[in-house]
Structures are given as structure tokens and as C-alpha cells.
Amino acid sequence: MRLESNAVRKLCGAKYGMPLRPQLSLNKTRRLLSLNKSLTLCWKKLTGLEKLSERTNDVKGMTFSPGVYMELIAVGAGGFIGACARHLITKILSATGFHLPLGTLASNVIAGFLIGLIIGLERQSGNINQNAKLFLVTGLLGGLSTFSAFSLETVVFLESEQYLQAAENTILNLAGAIIAVFLGFALANWIKYK
């Protein structure tokens, strides 16, 4: 087995270009394991996982409270549906031949409107189930909206020196999604007073 890292070769005692034969002493191995445990403990303290692990089950070194599994399922299911919906929207709108990627724009604007509506309704009633909110907002709308595709499409426009299309794409996606959130809030307020 050949490794190209000089640091690994130096640590293991092999010369560059020679086959790697680990020569770690037992003391070095123990120190590395102790360092790994120290770093893990430090990470838990920094992230707050130390307190969490005191009240949760330990599964293969990862700590989760029982409710986290349901949250992960809610986010994953919503994300699956949202990503599939975005793919279908993109497929349908790409056939229009418009000079901008309408699928990404429509997905971001629709997601912005729906998140405004959902959060607007939650602000009024204050009683949306946490797992339902995770399914809808983090999962479904997170899967539906796409900042990464919007960014890539804009960079492709810039690379091909289509500066006007890059500017149009940026303005329409950002302004469109933000305006859509406000419209979602407005609809939630209208529903409240109706």
C-alpha cells in the first residue's frame, strides 16, 4: 500500500516512495487514542452534546434523544417530496425555452410563498406540531427551494459572459422569493381576519 502523504509516512516511519509499514509503538498508539477521546470530549462540550448525552441513548457513538428519530423521519420524508416536486417543476418548465431557468425560479418563489403562509399561520395560532413544521418547512420547502442550483446557474451565466441573464436570474430569484414570503404572510393575515 502506497500513501502520498509525507506526514503519514513520517508518523509511521516509512520513507517517501517506499511501501508503508506502520511502526507505531504501543505508547504512541495509546497517546493517539487518548488524544481522540480528548478531542471527542472537547467537541461535545463545544456543541452541547455532552449535556445531551447524559439524558439520551448512545448508539454507535452518536447521541440522539428518542424524539430526534421522528424529527429525522419528518425532515427526510418532506425533503424527498420537496426535491421530487422541484425536479418535476424543472422538467415541466424547461420545455418553455425561456432564457432563464424557470424551474429553479418557480421552485424558490413557491417555497418562499408557502413558508410565509405556514409561518404566518403559526404566528397567529402558535400551535403547529413540531414534527409537522419540520416536515413542511425544513423538509418539504427545504427540498423544494434550491439556493445551490440558483447559484450554479448564475455562475454559468457569468462564465459564458451572459451578464444580463446573470443579473436577471439573481434579481428575480432573490426578490421573487422575498416578495413571495411577504405575500404568504399577507395571505395568513387575510385568513385570520376573514
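Numerical summary
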{"item": "Test: residue in the stretch 132-154 that is among the polar types (S, T, N, Q), under 19 Å from residue 181 (Cβ atoms), buried (at least 21 other Cβ atoms within 10 Å of the Cβ) and more than 15 Å from the chain's Cα centre (by Cα)", "result": "no"}
{"item": "Residue in the stretch 57-78 that is closer than 24 Å to residue 183 by Cβ and either surrounded by 15 or more Cβ atoms within 10 Å (Cβ to Cβ) or modelled with pLDDT under 85 (or both) present", "result": "yes"}
{"item": "Matching option when the condition is surrounded by 12 or more Cβ atoms within 10 Å (Cβ to Cβ), among the charged types (D, E, K, R) and at pLDDT 95 or above, among 122, 168", "result": "168"}
{"item": "Residue list for the stretch 90-100, restricted to those being touching a residue at least 40 places away in the same chain (Cβ under 8 Å) and surrounded by 13 or more Cβ atoms within 10 Å (Cβ to Cβ)", "result": "100"}
{"item": "Flag for residue 103 being over 18 Å from residue 81 (Cα atoms), among the small types (Gly, Ala, Ser) and buried (at least 21 other Cβ atoms within 10 Å of the Cβ)", "result": "no"}
{"item": "Within the stretch 85-194, helices (runs of 4 or more DSSP H) holding 3 or more residues that are within 30 Å of residue 69 (Cα to Cα)", "result": "102-125, 130-133, 147-159"}
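The values are calculated or read from the model by the stated rules, or taken from the named source; none is laboratory data. Given the structure is predicted, the values throughout are model-derived calculations rather than measurements. Glycine gets a Cβ as well: all are built from the backbone with ideal geometry, and neighbour counts include every protein chain shown.
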